[in-house]
Amino acid sequence: ALVLHFWASWCPECVLELPRVERLSAGCAASGVRVLLVNVAEDADTARRFAAEHGVSGAIALDPKGAVWRETAPRALPANVVWTAEGLRAEAGPKDEAAWKAFLAPLGCAGDSP
């Protein structure tokens with residue numbers, strides 16, 4: 001499964017959620033679940049600076065014009081798109097730690113970092 005987690009530095013919920021997403025998704029690699037952090041409509045320097053300031057060390061993909069976000073995700077941030085063998089599912093809104101664990105569990109990921 002592939003999870004695209006869309007975020008932006010100006011999104012207050014993203015500021016709280018992004019480090020949590022990275023930490024919880026770190027334990028998913030063994031299950032084949034990949035969580036990709038995707039910055040929406042900001043330049044690489046802004047995304048890098050934000051990540052460094054908030055302790056996010058993983059790879060960040062850029063969607064500089066927001067095209068992928070507009071085509072696949074609900075029009076809110078943060079947003080998640082999940083691709084599995086069964087198809088695509090999208091949802092928006094912040095999640096606390098328990099909600100993220102519940103979100104990742106059906107994908108075969110315990111949601112705990114190693």
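One line per residue, one yes/no per condition, for (1) farther than 21 Å from LEU104 by Cα; (2) β-branched (Val, Ile, Thr):
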{"position": "VAL15", "(1), (2)": "no, yes"}
{"position": "ALA26", "(1), (2)": "no, no"}
{"position": "ASP43", "(1), (2)": "yes, no"}
{"position": "ALA47", "(1), (2)": "yes, no"}
{"position": "GLY55", "(1), (2)": "yes, no"}
{"position": "ALA61", "(1), (2)": "no, no"}
{"position": "VAL68", "(1), (2)": "yes, yes"}
{"position": "GLU71", "(1), (2)": "yes, no"}
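Quick check on LEU104: is it assigned to a strand (DSSP E or B) and on the phi < 0 side of the Ramachandran plot? In short, no.
Residues of region 33-54 that are of a type in the set (Gly, Ala, Ser) and open to solvent by 50 Å² or more (accessible area, probe 1.4 Å): ALA41, ALA52. In region 58-111, the residue that is nearest to ASP43 (Cα to Cα) out of those that are open to solvent by less than 70 Å² (accessible area, probe 1.4 Å) and of a type in the set (Phe, Trp, Tyr) is TRP69. Considering every residue within region 5-23, establish whether at least one is in contact with a Ser or Thr (Cβ under 8 Å, 6 or more places away or on another chain) and either loosely packed, with under 15 Cβ neighbours inside 10 Å or among the hydroxyl-bearing types (Ser, Thr, Tyr) (or both). For region 5-23, residues in contact with a Ser or Thr (Cβ under 8 Å, 6 or more places away or on another chain) and either loosely packed, with under 15 Cβ neighbours inside 10 Å or among the hydroxyl-bearing types (Ser, Thr, Tyr) (or both): present.
Taking (1) within 11 Å of ASN80 (Cβ to Cβ); (2) over 11 Å from the mean Cα position of the chain (by Cα) in turn, GLU13 satisfies each apart from (1). Cβ-Cβ contacts under 7 Å between residues 6 or more apart (or on different chains), taken from a first residue in region 89-100 that is touching a residue at least 12 places away in the same chain (Cβ under 8 Å) to a second residue that is in a helix (DSSP H, G or I) and open to solvent by 70 Å² or more (accessible area, probe 1.4 Å), are listed as PRO94/GLU13; PRO94/LEU16.
The values are calculated or read from the model by the stated rules, or taken from the named source; none is laboratory data. Predicted, not measured: the structure shown is a model, and the values here were computed from it. With ideal geometry, Cβ positions are generated from the backbone for all residues, glycine too; neighbour counts draw on all protein chains shown. Please note that ligands, DNA and RNA were not included when accessible areas were found on the heavy atoms of the full protein model with its side chains. Shrake-Rupley method; radii C 1.70, N 1.55, O 1.52, S 1.80 Å.
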